[in-house]
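Engineer: Once you've had a glance at the structure underneath, I'll fire off some questions.
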Amino acid sequence: MRSPKGLFTGVLLVLSVPAVLHAGWALVWPSLLAAIVTAALCDLPLLRWRDDSWSVPDGAMLTGWLVALVLSPHQPWYVAAAASAIGIGAKHALRVKRANVLNPAAAGVVATYFLFGSGQSWWGALPEMPTPWIALLLITGVFMTWRLHKAPLALSFLGVYYLIATGLAFVGEPARVVALYRAPDVHMALFFAGFMATDPPTSPPRYGDQLKYGAIAAVVSMVLYMTVGAVYFLLGGLLAANLWEGWRKWQQARQHRRATPTTSAITT
């Protein structure tokens, strides 16, 4: 439980229990089970091939869990399974050094939108619960960002996101942005900032880079919201920030290779 994955598991469990009890286990279990099991089965052989040893695909299981919490539970179970499989494939296909570039849950959910026209309810963020339950979302989100040292990232995203929304309200678009301040959109933004944008493998560790990363995610999300209006606007913003962070890591690795003399040069 001291590891980030262990803490994240505990926090997701705290949120999932009331969410499941409210939505009904019979409704959510097919997608939840399909997403987690598919992610684990897809990741297991890939980890064996990559690391030359067997290991528990705990990260993949968390990916499947997130996929199920974001997708509407009214979707067929195979949509959640497909999202998990695509996300795990994207995680292994696009990497810089040993870290994946794209957030696998975001990549999988966005892909299924285009493949199946899948809906998203973010039911794991408790949007259908009574208003006081938002306190649980805030407490768990703050706890995770603090333990992961990602508070600047989350605050940067939320600050820029709502600054743009407020600005648009003052310049003549209040009807289009008012929903961002109400359920379920406000729950989506808080869950996104606390549990998805802060994903350690795909987000930057340094505070200065976190501020840029959060701002990129916010700006692209708002552009997608205002121009396309698609339900994946937050996840699209996250994938854009993922690509920026991957490019930054690639640039650093390239500069490091140039600065490090080769063995033949040292011998000469």
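Engineer: In this structure, is Tyr161 in contact with a strand residue (DSSP E or B) (Cβ under 9 Å, 6 or more places away or on another chain), touching a residue at least 40 places away in the same chain (Cβ under 8 Å) and in a helix (DSSP H, G or I)? Lay out the reasoning, then the answer.
Structural biologist: Working: in contact with a strand residue (DSSP E or B) (Cβ under 9 Å, 6 or more places away or on another chain): no; touching a residue at least 40 places away in the same chain (Cβ under 8 Å): yes; in a helix (DSSP H, G or I): yes.
When the stated conditions are applied, Tyr161 does not pass them.
Per-residue answers, yes or no, for (1) within 16 Å of the chain's Cα centre (by Cα); (2) at pLDDT below 95; (3) under 13 Å from Ala105 (Cβ atoms):
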| site | (1), (2), (3) |
| --- | --- |
| Leu27 | no, no, no |
| Ala35 | yes, no, yes |
| Asp51 | no, yes, no |
| Gly64 | yes, no, yes |
| Ala68 | yes, no, yes |
| His74 | no, no, no |
| Trp77 | no, no, no |
| Ala80 | yes, no, yes |
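Engineer: Can you name every residue in segment 1-56 that is charged (D, E, K, R) and in contact with a Phe, Trp or Tyr (Cβ under 9 Å, 6 or more places away or on another chain)?
Structural biologist: Across segment 1-56, the qualifying residue is only Arg48.
Engineer: If I go through segment 53-62 residue by residue, how many of them are at pLDDT below 95 and hydrophobic (A, V, I, L, M, F, W, C)?
Structural biologist: Residues flagged as at pLDDT below 95 and hydrophobic (A, V, I, L, M, F, W, C) within segment 53-62 amount to 2.
Engineer: With a cut-off of at least 3 residues that are of a type in the set (Gly, Ala, Ser), in contact (Cβ under 8 Å) with a residue 12 or more places away in the chain and over 30 Å from Arg254 (Cα atoms), name the helices (runs of 4 or more DSSP H) lying wholly within segment 45-138.
Structural biologist: Filter on segment 45-138 gives 77-93.
Engineer: Just to be sure before I move on: is Val37 farther than 22 Å from Pro200 by Cα and among the β-branched types (Val, Ile, Thr) in the structure I sent?
Structural biologist: Against the criterion (farther than 22 Å from Pro200 by Cα and among the β-branched types (Val, Ile, Thr)), Val37 qualifies.
Engineer: Considering only residues of segment 164-175 that are assigned to a helix (DSSP H, G or I) and among the aliphatic types (A, V, I, L, M), which is surrounded by the fewest Cβ atoms within 10 Å (Cβ to Cβ)? Let's see the steps before the verdict.
Structural biologist: Within segment 164-175, the first condition is being assigned to a helix (DSSP H, G or I), and the residues that meet it are 164-170, 174-175.
Pick out the ones that are also among the aliphatic types (A, V, I, L, M) and you get 164-165, 168-169, 175.
Working: Ile164: 19, Ala165: 23, Leu168: 17, Ala169: 16, Ala175: 8.
Filtering segment 164-175 for residues that are assigned to a helix (DSSP H, G or I) and among the aliphatic types (A, V, I, L, M), the one surrounded by the fewest Cβ atoms within 10 Å (Cβ to Cβ) comes out as Ala175.
Engineer: Also, quick follow-up: Considering only segment 148-188, state which residues are more than 27 Å from Arg2 (Cβ to Cβ) and in contact with a Pro (Cβ under 9 Å, 6 or more places away or on another chain).
Structural biologist: Scanning segment 148-188 gives Leu168, Ala183, Pro184, Asp185, Val186, His187, Met188.
Engineer: For Ala83, which of the numbered conditions (1) touching a Gly at 6+ places or on another chain (Cβ under 9 Å); (2) at positive phi fails to hold?
Structural biologist: (2)
Engineer: Further, regarding this structure: Please list, ordered by first then second residue, the pairs with beta carbon atoms under 9 Å, 6 or more apart or interchain, first in segment 13-24 and under 19 Å from Leu62 (Cβ atoms), second charged (D, E, K, R).
Structural biologist: Short answer, once both residue conditions are applied: Ala19/Glu128.
Engineer: Go through (1) touching a Phe, Trp or Tyr at 6+ places or on another chain (Cβ under 7 Å); (2) under 26 Å from Pro184 (Cα atoms); (3) open to solvent by 10 Å² or more (accessible area, probe 1.4 Å) and name the single condition Val96 misses.
Structural biologist: Exception for Val96: condition (2).
The values are calculated or read from the model by the stated rules, or taken from the named source; none is laboratory data. Keep in mind that this is a model prediction, so the values were computed, not measured. All Cβ positions, glycine included, derive from the backbone under ideal geometry; neighbour counts span all protein chains shown. The protein model used for the area step is the full one, side chains on, heavy atoms only, and it has no ligands, DNA or RNA in it. Shrake-Rupley method; radii C 1.70, N 1.55, O 1.52, S 1.80 Å.
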